[in-house]
1. Out of all the residues in the range 61-74, is one or more exposed (fewer than 13 other Cβ atoms within 10 Å of the Cβ), out of contact with any helix residue (DSSP H, G or I) (no Cβ under 9 Å at 6 or more places or on another chain), of a type in the set (D, E, K, R) and not in a helix (DSSP H, G or I)?
2. If the Cβ limit is 6 Å and pairs must be 6+ apart or interchain, which residue in the range 78-94 that is aliphatic (A, V, I, L, M) and crowded, with 17+ Cβ neighbours inside 10 Å pairs with which residue that is assigned to a helix (DSSP H, G or I) and at pLDDT 95 or above?
3. Among the residues of the range 40-60, write down those that are in contact with a helix residue (DSSP H, G or I) (Cβ under 8 Å, 6 or more places away or on another chain) and not in a helix (DSSP H, G or I).
4. Being among the aliphatic types (A, V, I, L, M), surrounded by fewer than 16 Cβ atoms within 10 Å (Cβ to Cβ) and modelled with pLDDT under 95 narrows it down to one of Ala37, Ala46, Ala52, so name that one.
5. Could you please give the count of residues in the range 19-29 that are in a strand (DSSP E or B) and either closer than 21 Å to Asp73 by Cβ or over 11 Å from the mean Cα position of the chain (by Cα) (or both)?
6. Tally up the residues in the range 7-18 that are surrounded by fewer than 11 Cβ atoms within 10 Å (Cβ to Cβ) and part of a helix (DSSP H, G or I), please.
Amino acid sequence: MQKLTDQEVQQALGKLPSWTLKNGELVQEHTFKDFVAAMAFVNDVAQLAEAAGHHPDIDIRYNRVRLALVTHDAGGITQNDAALAQKINNLHALS
């Protein structure tokens, strides 16, 4: 998988509301009503990630979840990252 150019990353971000670029990663942060709700979301993301064969870095702090996507092997953000971010957005829209 080839790393996206800076312009391609910006184009992807234009289609990914709630995602930002931080330290070379696509990042999304959520706050839930409690730990159980946060974990339910993380479990849903895990199912998507496993099906895609592409896994985000996940940081859980009680009711806050931070997701970060980057393709380490490519040295940056790839189409796989943008595609998984969109699937996560779709998942969140359903909940």
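The values are calculated or read from the model by the stated rules, or taken from the named source; none is laboratory data. As the structure is a prediction and not an experimental result, all values here were calculated from the model. Quick reminder, even Gly has a Cβ in these numbers, built from the backbone with ideal geometry, and neighbours come from all protein chains shown.
1. So in the range 61-74, the residues exposed (fewer than 13 other Cβ atoms within 10 Å of the Cβ) come out as 61-62, 72-73.
Of the ones still in play, those that are also out of contact with any helix residue (DSSP H, G or I) (no Cβ under 9 Å at 6 or more places or on another chain) are 72-73.
Checking the rest, the ones that are also of a type in the set (D, E, K, R) come to 73.
Those still in the list that are not in a helix (DSSP H, G or I) too: none.
Among the residues of the range 61-74, not one is exposed (fewer than 13 other Cβ atoms within 10 Å of the Cβ), out of contact with any helix residue (DSSP H, G or I) (no Cβ under 9 Å at 6 or more places or on another chain), of a type in the set (D, E, K, R) and not in a helix (DSSP H, G or I), which makes the answer no.
2. Ala82/Ala12; Ile88/Val45
3. Residues of the range 40-60 in contact with a helix residue (DSSP H, G or I) (Cβ under 8 Å, 6 or more places away or on another chain): 41, 44-45, 48-49, 52, 54-56, 58, 60.
Within the range 40-60, His54, His55, Pro56, Ile58, Ile60 qualify.
4. Details: Ala37 fails: modelled with pLDDT under 95; Ala46 fails: modelled with pLDDT under 95.
Exactly one residue qualifies, and that residue is Ala52.
5. 5
6. The initial filter retains those residues of the range 7-18 that are surrounded by fewer than 11 Cβ atoms within 10 Å (Cβ to Cβ), namely 7, 14, 17.
Then keep just the ones that are part of a helix (DSSP H, G or I); that gives 7, 14.
Here the count works out to 2.
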